[in-house]
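These notes are about the structure you will find just below.
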Amino acid sequence: MNLIERAKNILLTPKTEWEVINGESATPMSLLTGYVMILALIPAGCSFVAMAVFTSVWGMKYAIVSAIITYALSILSYFVYTYALDLLATGFGAEKNINKSAQVAAYSSTASYAAGVLSLIPVLGLLAGLAGFIYAAYLMYLGVGPLKKTQEDKKIVYVIVTIIIVIAAYFIVSAILTAILLTSLRTSILGY
């Protein structure tokens, strides 16, 4: 199935699409290169355009740094998400299978990637990002049943704990990357 069809189906008919996905085989790396890296360009590219248009204080360098951080965090989040799902699996009565964890991580994130289009409009982008995050959590909830063989009574807690871990890792890495890249940017602009 091609990328556009998969993204459309996971967003519009997720219950049936998870069943289709469950019958497929994929690895974390094949999903990274064939799906995640491509869709992660949406929020990164749109944030670049928004920053370039709406930010005059730091200018183009700031827009580039922001896009790099956004893209890097999307890629890193995919790996944290994949491994968190897999490491937590047995604790929630789910099947430990890194390939299925990668499928849940990649495809449930589609909502967040798609919502990234609206980051072209700053205030609307924040609201769309929140909506994309909530829908991604719902997609994850739907996906951990068929793919990870999670029992119905444990799905919600499994999803919540995984999300907390991913968010914590996201903010820690975001702070580190932002500090490094902004220090570099300041040095290149101000010369010290």
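The values are calculated or read from the model by the stated rules, or taken from the named source; none is laboratory data. As the structure is a prediction and not an experimental result, all values here were calculated from the model. All Cβ positions, even for glycine, are placed from backbone atoms using ideal geometry, and neighbour counts span all protein chains on display.
Before moving on, here are some points about what is shown:
- Residue identified as among the small types (Gly, Ala, Ser) and at pLDDT 95 or above among SER30, SER56, SER66, SER47: SER30
- Flag if SER25 is crowded, with 19+ Cβ neighbours inside 10 Å and polar (S, T, N, Q): no
- Residue within segment 78-88 that is in contact (Cβ under 8 Å) with a residue 24 or more places away in the chain, in a loop (DSSP other than H, G, I, E, B) and either touching a Phe, Trp or Tyr at 6+ places or on another chain (Cβ under 7 Å) or not acidic (Asp, Glu) (or both) present: no
- Hits in segment 69-92 (condition: modelled with pLDDT of 90 or more, crowded, with 21+ Cβ neighbours inside 10 Å and of a type in the set (S, T, N, Q)): SER74, SER77, THR82
- Options LEU142, LEU185: the member that is modelled with pLDDT of 90 or more, farther than 14 Å from TYR81 by Cα and in contact with a Phe, Trp or Tyr (Cβ under 7 Å, 6 or more places away or on another chain): LEU142
- Count of segment 3-58 residues, restricted to those that are over 19 Å from the mean Cα position of the chain (by Cα) and either among the charged types (D, E, K, R) or outside any helix (DSSP H, G or I) (or both), is 10.
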